[in-house]
Amino acid sequence: MFENVKAIPGDALLALMMEFKKDPTPAKIDLGVGVYKDDAGLTPILPAVKKAEALILENEQSKGYIGPAGAPELAPLLQSLMLGDQHNLIREKRIATTQTPGGTGALRVAGDLINALNPNAKIWVSDPTWSNHFHVFAGAGIEVRTYPYYDAQQNALAFENMLAAIHEIPSGDVILLHASCHNPTGIDPTLEQWQQISDLVAERALLPLIDCAYQGFGDGLEEDVQGLKLILEKSPEALITTSCSKNFGLYNERIGALSVVAAEPEHCNNVFSQACNCIRANYSNPPAHGAAIVTTILSDQALRQQWETELSEMRTRIHRMRTELVKNLSALSDERDFSFIAAQKGMFSYSGLSRDEVKYLKDKYAIYAVDSGRINIAGINDGNLGRLSQAIAEAID
Ligand code: PLP
């Protein structure tokens, strides 16, 4: 069986990470990989997480299976983090949430669920989108199509084209929307634009699949789910995937969730049972530790307060790096206006740098970014900002 198998080319971003690791240049800068880094260039364990882990170590009684849907205490905590305690979907029991291995696991279970419920449905994703969306849904056997999202001329949302394309999506298909901090562009719809998107998605009777991977990394925990809430106001059915990788810094614990929203509690329970069935066929049970950390933090008032402060420090640092970079670039060069970078949200920025400029930065300065011009703003710090700004000014000259 194995004799004639050909190797699949590795993921381009992983290859870039390997190249960065091997590069001996002391002042090298990594703007490629999608993890948060602090001002020292490290991806730290949040102190709130350390405290929660100490409590778990002390109190954990068993390593028994936690069941396909995961820790039962996690679901209501994640629901109210996303929607607020008083949300009508929670009161009316029209939302059910299962723990998953990261946001990716949630997306895969969502894909399997969609395939089980309607194998003819297609999933429409933004162009561009997080590249793994294509792999995950293809793995679940679902056809993926794209709708326009990015206007390269204006470095902005291609809003009119996006609406026109959504208008043509057949009813019953699935539309994937990023709740906030769009990966890779960093460009989110305004609230007015979300209003129009949510009206159109409901009018077309599309099933919204909202990928919520960066709550708290854009403008704040509540602000980053305003678009998501508008969608849920208008569409009676939806799927939401949550990742706790970024906002809790729990990348390698694989903790996320899939929420099902339905018009009636009974529909919700039925669909949820189908999701659990997909989980059983896939990995049976999720890992427990990440869920225990998130549950411990969200259910303890002091720990939760501490986590919110630590999350806001990450968010504020990213904002500051965006504005400092723009300020530096406008002082160094009048070749190009980079002010749009300051208005983008979350870790990522479509910087407008061309493939050749990205290559120049790597070859001459050991500055690593993705070919598309996507840069991870969290890779910038006070120590490398000056060198980076000089290098970009030179690359675009
Ligand atoms: N969705 C988007 C848009 C992402 O950018 C990511 C991670 O980069 C994920 C989902 C998956 O996150 P996780 O690491 O929790 O699987």
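Brief remarks follow.
- Residues that are surrounded by 24 or more Cβ atoms within 10 Å (Cβ to Cβ) and part of a helix (DSSP H, G or I) are absent from the stretch 206-219.
- Sub-7 Å Cβ pairs linking a first residue in the stretch 286-311 that is in a helix (DSSP H, G or I) to a second residue that is among the hydroxyl-bearing types (Ser, Thr, Tyr), at least 6 apart or interchain, are Leu303/Thr296, ordered by first then second residue.
- Tally of residues being over 19 Å from Phe137 (Cβ atoms) and either free of Cβ contacts under 8 Å to residues at least 24 places away in the same chain or in contact with a helix residue (DSSP H, G or I) (Cβ under 8 Å, 6 or more places away or on another chain) (or both) across the stretch 197-218: 12
- Output for the stretch 227-280, where each listed residue is among the hydrophobic types (A, V, I, L, M, F, W, C), within 15 Å of the ligand (Cβ to nearest atom) and under 17 Å from Gln79 (Cβ atoms): Leu228, Leu239, Ile240, Cys244, Phe248, Ile255, Ala257, Leu258
- Residue check for Leu83: buried (at least 22 other Cβ atoms within 10 Å of the Cβ), closer than 28 Å to Glu222 by Cα and touching a helix residue (DSSP H, G or I) at 6+ places or on another chain (Cβ under 8 Å): no
- In a residue-by-residue description of the stretch 246-266, the property of being out of contact with any strand residue (DSSP E or B) (no Cβ under 7 Å at 6 or more places or on another chain), at pLDDT 95 or above, among the small types (Gly, Ala, Ser) and not in a loop (DSSP other than H, G, I, E, B) applies to no position.
- Listed by first and then second residue, the pairs linking a residue in the stretch 377-391 that is among the hydrophobic types (A, V, I, L, M, F, W, C) and at pLDDT below 95 to a residue that is surrounded by 22 or more Cβ atoms within 10 Å (Cβ to Cβ) and assigned to a helix (DSSP H, G or I), with Cβ atoms under 6 Å apart and 6 or more places separating them unless they lie on different chains, form an empty list.
- Within the stretch 325-397, helices (runs of 4 or more DSSP H) holding 3 or more residues that are in contact with a Lys or Arg (Cβ under 9 Å, 6 or more places away or on another chain): 340-343, 385-395
- Scanning the stretch 18-60 for residues that are in a helix (DSSP H, G or I), under 15 Å from Asp363 (Cα atoms) and in contact with a Gly (Cβ under 8 Å, 6 or more places away or on another chain) yields a total of 1.
Listed here are the residues, each with its yes/no results for (1) buried (at least 23 other Cβ atoms within 10 Å of the Cβ); (2) over 21 Å from Thr43 (Cβ atoms); (3) hydrophobic (A, V, I, L, M, F, W, C).
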{"site": "Lys327", "(1), (2), (3)": "no, yes, no"}
{"site": "Leu332", "(1), (2), (3)": "no, yes, yes"}
{"site": "Gly346", "(1), (2), (3)": "yes, no, no"}
{"site": "Ser354", "(1), (2), (3)": "no, yes, no"}
{"site": "Ser372", "(1), (2), (3)": "no, yes, no"}
{"site": "Asn376", "(1), (2), (3)": "yes, no, no"}
{"site": "Gly379", "(1), (2), (3)": "yes, no, no"}
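- Filter result (touching a residue at least 60 places away in the same chain (Cβ under 8 Å) and more than 16 Å from the ligand (Cβ to nearest atom)) within the stretch 1-44: Glu19, Phe20, Asp23, Thr25, Ala27, Lys28, Ile29, Asp38, Asp39, Ala40, Gly41, Pro44
- Candidate set from the stretch 120-146 (those that are in contact with a strand residue (DSSP E or B) (Cβ under 8 Å, 6 or more places away or on another chain) and aliphatic (A, V, I, L, M)); member that is nearest to Asp211 (Cα to Cα): Val125
- Scan of the stretch 149-167 for residues that are of a type in the set (Ser, Thr, Tyr) and without any contact (Cβ under 8 Å) to a residue 60 or more places away in the chain, ordered by number: Tyr149
- In the stretch 88-103, the residues that are of a type outside the set (Lys, Arg) and either surrounded by 22 or more Cβ atoms within 10 Å (Cβ to Cβ) or in contact (Cβ under 8 Å) with a residue 40 or more places away in the chain (or both): Leu89, Glu92, Ile95, Ala96, Thr97, Thr98, Gln99, Thr100, Pro101, Gly102, Gly103
- Among residues of the stretch 120-139 that are without any contact (Cβ under 8 Å) to a residue 12 or more places away in the chain, those with a beta-carbon under 8 Å from a residue that is β-branched (Val, Ile, Thr) and within 12 Å of the ligand (Cβ to nearest atom) at least six positions away or on a different chain give the pairs Phe134/Val125.
- Looking at Asp199, Asp224, just one residue is among the acidic types (Asp, Glu), within 13 Å of the ligand (Cβ to nearest atom) and outside any strand (DSSP E or B), and that residue is Asp224.
- Just one of the listed residues (Lys22, Lys28, Lys93) is out of contact with any helix residue (DSSP H, G or I) (no Cβ under 7 Å at 6 or more places or on another chain) and among the basic types (Lys, Arg), and it is Lys22.
The values are calculated or read from the model by the stated rules, or taken from the named source; none is laboratory data. Quantities reported herein were computed from a predicted structural model and do not represent experimental measurements. Heads up, the Cβs are rebuilt from the backbone with ideal geometry, glycines too, and the neighbour counts pull from every protein chain shown.
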